[in-house]
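Below: the structure, in structure tokens.
The values are calculated or read from the model by the stated rules, or taken from the named source; none is laboratory data. It should be emphasised that the depicted structure is a prediction, and the values quoted were computed from it without experimental measurement. Methodologically, a virtual Cβ is constructed for each residue, glycine included, from the backbone with ideal geometry; neighbour enumeration extends over all protein chains shown. In case anyone asks, the SASA skips ligands and DNA or RNA and just uses the protein heavy atoms, side chains included. Shrake-Rupley method; radii C 1.70, N 1.55, O 1.52, S 1.80 Å.
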Amino acid sequence: MSNTSNFRQAMREVQGQQLVGPNVIANALPFVGGGLVLTAVGTYGGLGIIQSNPGLFFPSFFVAIVLQLVLFFVAQNVARNGNNSTALPLLTLYSLLTGYTLTGLVYVALGTQNVGIQGIAIAALGCGITFIVARSVGSNLSEEDGMALTKTIGLGIIALCVVVFGQFILAMFGVFTPTWLEIAISGLGVFLFAGAAVVDFYILPRTYRNDQYLSAALSMYLTYINLFIFILRLLIAINGRD
């Protein structure tokens, strides 16, 4: 959920600005789609490893998380400077690593009754529907409403990141979130990242020039990956109840 830094930076840059990149989203969309396909490839490879050699998967999972975080900040800075030829291979590797780190969640989904492959398809479809709605709503927000929504969603995602990080730390010590709380957290995550999808269509053309399409693509990619994660988490929590 590295796009919390994107929100803070964008909020600082966007205030009082008109459109600086009216075509940046159109330029970014092919790369968003390509990144999502690469993420699916990374997840598919991870599933192969977790099934054939789980002892290898778990150490490599933590290595992938570290590399993913490093690549995010490096690729973000390179893309922001407009060095697209260098940023593109970095973002390609980042997308593959993101898919690999999603393997555990997808593996749990496939093994959860009433979720399985159909649940993964529902999560992906939910992201697609959100994109269509968000494009219409976000592109037509007024300046006042757009900034208010941006600040609200940004603060909500920061709070969500703190909660999820706490979950991760507690899980390492064998303390797991009760089902009702997991449903609430996942539902909140779906709501916030659906809102982030709307914000993207308002804020990105006011933040990035047309030639900074890879920075815009990274922001949108993170929004839809996190939306997918929380929809899937919600389905698992609901169907995994005792």
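Kindly provide the set of residues from the stretch 110-139 that are open to solvent by 60 Å² or more (accessible area, probe 1.4 Å), in contact with a helix residue (DSSP H, G or I) (Cβ under 7 Å, 6 or more places away or on another chain) and within 13 Å of residue 194 (Cβ to Cβ), ordered by number. 135, 137, listed by residue number. Somewhere in the stretch 158-173, is a residue at pLDDT below 95, open to solvent by less than 10 Å² (accessible area, probe 1.4 Å), assigned to a helix (DSSP H, G or I) and out of contact with any Ser or Thr (no Cβ under 7 Å at 6 or more places or on another chain)? Yes, some residue in the stretch 158-173 is at pLDDT below 95, open to solvent by less than 10 Å² (accessible area, probe 1.4 Å), assigned to a helix (DSSP H, G or I) and out of contact with any Ser or Thr (no Cβ under 7 Å at 6 or more places or on another chain).
Which one is nearest to residue 208 (Cα to Cα), of the residues in the stretch 66-83 that are part of a loop (DSSP other than H, G, I, E, B) and of a type in the set (S, T, N, Q)? Lay out the reasoning, then the answer.
First, pick out the residues of the stretch 66-83 that are part of a loop (DSSP other than H, G, I, E, B): 81-83.
Filter again for of a type in the set (S, T, N, Q), leaving 81, 83.
Working: 81: 11, 83: 13 Å.
Going through the qualifying residues, I end up with 81.
Residue-level check: of (1) open to solvent by 10 Å² or more (accessible area, probe 1.4 Å); (2) of a type outside the set (D, E, K, R); (3) touching a residue at least 12 places away in the same chain (Cβ under 8 Å), residue 181 misses just (3).
Taking the criterion of being of a type outside the set (A, V, I, L, M) and under 28 Å from residue 70 (Cα atoms), the residues of the stretch 87-130 that qualify are 89, 92, 94, 95, 98, 99, 100, 101, 103, 104, 107, 127. Evaluated against (1) without any contact (Cβ under 8 Å) to a residue 12 or more places away in the chain; (2) over 18 Å from residue 191 (Cβ atoms), residue 106 falls short on exactly one condition, (1).
Looking across the stretch 140-157 at every residue that is free of Cβ contacts under 8 Å to residues at least 60 places away in the same chain and part of a loop (DSSP other than H, G, I, E, B), the one that is surrounded by the most Cβ atoms within 10 Å (Cβ to Cβ) is identified as 140.
Can we say residue 56 is modelled with pLDDT of 90 or more and either closer than 24 Å to residue 203 by Cα or surrounded by fewer than 16 Cβ atoms within 10 Å (Cβ to Cβ) (or both)? Considered against the rule, which asks whether it is modelled with pLDDT of 90 or more and either closer than 24 Å to residue 203 by Cα or surrounded by fewer than 16 Cβ atoms within 10 Å (Cβ to Cβ) (or both), residue 56 comes out as yes. A single member of 194, 216 is part of a helix (DSSP H, G or I) and open to solvent by less than 10 Å² (accessible area, probe 1.4 Å), and it is 216.
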